[in-house]
Structure formats: C-alpha cells, structure tokens
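Report on one structure; see the data block that follows.
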Amino acid sequence: MSGPVLNAGILEGQVAIVSGGGSGIGRATVLELVRLGATVVTCGRRLEPIEETAAMVEPGKVDAVVCDIREEDQVEALVDGALERHGRIDILVNNAGGQFLCPAEDITPKGFRTVVRLNLEGTWLMTHAVATKAFIPSGRGGRVVSVTLTPRNGIYGMAHSSAARAGVESLMKVLAVEWARFNINLMCVAPGVVDTD
C-alpha cells in the first residue's frame, strides 16, 4: 500500500536545503521537493554530483553549493548564502552522512570520530544554523527532516554509525520539545536498505 501522493505546487514559494543531494536518497529528495514547487539549495563535498542533480530540473530551481557539513564556517556560509539569494528557508533535510562497514574491534579512533563528526555533528551544525538564522528570526518556524538509520537492533559492522545515528534521533527529539515554541517541527526518517548506485 502506498502513501499519499502530494500535489505538485504544494510547496510553491518555499525554500529547502538538502544536504547530500548528489546521489541516492538526497537526489530523490531534491527532485521531489522541486516537483512539489520548492526552490532547493543542495550541498555536498564534491561539486560534480550536486551539479548533476541540479541539471535534472529546470534552471533556477536548484542551487548546487559545495559544503562540508562538518565545518562550521562552511555551514554558516551555506545558510547565509541561501538567505541572501532566496530571502527565506522553510525546510531542512539533513541527508548527508557516511559510514563504512567494519567490525567494531577494527574501527580506529580516527574512523569512529570521522563518522560521528559527519553524521551527528554535521547534522547539529546544519540544524542549529538554519534554526538560528532562518526559522527563529522569521517567526514562521520551519521543518527539519533528518535521514538516519534504525540502530535499535544492532547492525554488524556499524558501531560508529549506529552510535552517531542514535545521537541524531535523540537530538531531534530534544529539539522538537525545546523548539516547539518557535513552531519548528523536527523528525527523523529511518529508511531500510535502499538500492542506489
């Protein structure tokens, strides 16, 4: 049974930021948001994949911006640039992330730290910047969707990512309570295995 089909144009005039929009779930999210009428700013660490995504829709609907979400100054510049170009941000999709399969005993401190910084700290930096620069000052609030995974049952070879993603889930729950007064809605989406390139 499929879910509801949203009407094209339902997000007309709204602006979304999607991290990790160069492939997979991120690319599909960018394309769907554009279909629904939003203007999208998508970011990634490499320009080519996000430019490919932008080329899949009519010109002017997607801005492709290089940004490493682990770097605070790059995140701030991304959000400031989106506000300067579009005057508002209504939706944030935290999709960027990464991990590698590895038995827990073989994960190095550097490997663990890298995955946690990308998946948890990067999500925090993006969410905090958009909330404090756009959602709260506008008085309109906004929506945050963080793409994660479901670590409740344990996934072999994913100790680093499962820890980070559980942190993201808990972070979204706390912020949903704290930022309800600003009309900011936050949630996690935890898809299963997705067949992508």
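The values are calculated or read from the model by the stated rules, or taken from the named source; none is laboratory data. Please read these numbers as outputs of a predicted model, since none were measured by experiment. Glycine also receives a Cβ, built like all others from the backbone with ideal geometry; neighbour counts cover every protein chain displayed. What goes into the accessible areas is simple: the full protein's heavy atoms, side chains included, and nothing from ligands, DNA or RNA. Shrake-Rupley method; radii C 1.70, N 1.55, O 1.52, S 1.80 Å.
Annotation note: Cβ proximity below 6 Å between a residue of the range 177-189 that is charged (D, E, K, R) and a residue that is in a helix (DSSP H, G or I) and buried (at least 18 other Cβ atoms within 10 Å of the Cβ) (sequence gap 6+ or interchain) occurs for no pair.
Taking the numbered list (1) surrounded by fewer than 18 Cβ atoms within 10 Å (Cβ to Cβ); (2) farther than 28 Å from Gly87 by Cα in turn, Ala159 passes all entries but (1).
Would you check if there is a residue in the range 107-118 being surrounded by 14 or more Cβ atoms within 10 Å (Cβ to Cβ), over 16 Å from the mean Cα position of the chain (by Cα) and under 26 Å from Leu36 (Cβ atoms)? The answer is no, given that none of the residues of the range 107-118 is surrounded by 14 or more Cβ atoms within 10 Å (Cβ to Cβ), over 16 Å from the mean Cα position of the chain (by Cα) and under 26 Å from Leu36 (Cβ atoms).
State yes or no: is Val18 open to solvent by less than 30 Å² (accessible area, probe 1.4 Å) and either farther than 16 Å from Leu118 by Cα or more than 16 Å from the chain's Cα centre (by Cα) (or both)?
Criteria not met by Val18.
Residues that are open to solvent by 30 Å² or more (accessible area, probe 1.4 Å), among the aliphatic types (A, V, I, L, M) and free of Cβ contacts under 8 Å to residues at least 40 places away in the same chain within the range 23-56 comprise Ala28, Leu31, Leu47, Ala55, Met56, listed in sequence order. Leu92 passes every criterion in (1) closer than 19 Å to Arg140 by Cα; (2) open to solvent by 40 Å² or more (accessible area, probe 1.4 Å) apart from (2).
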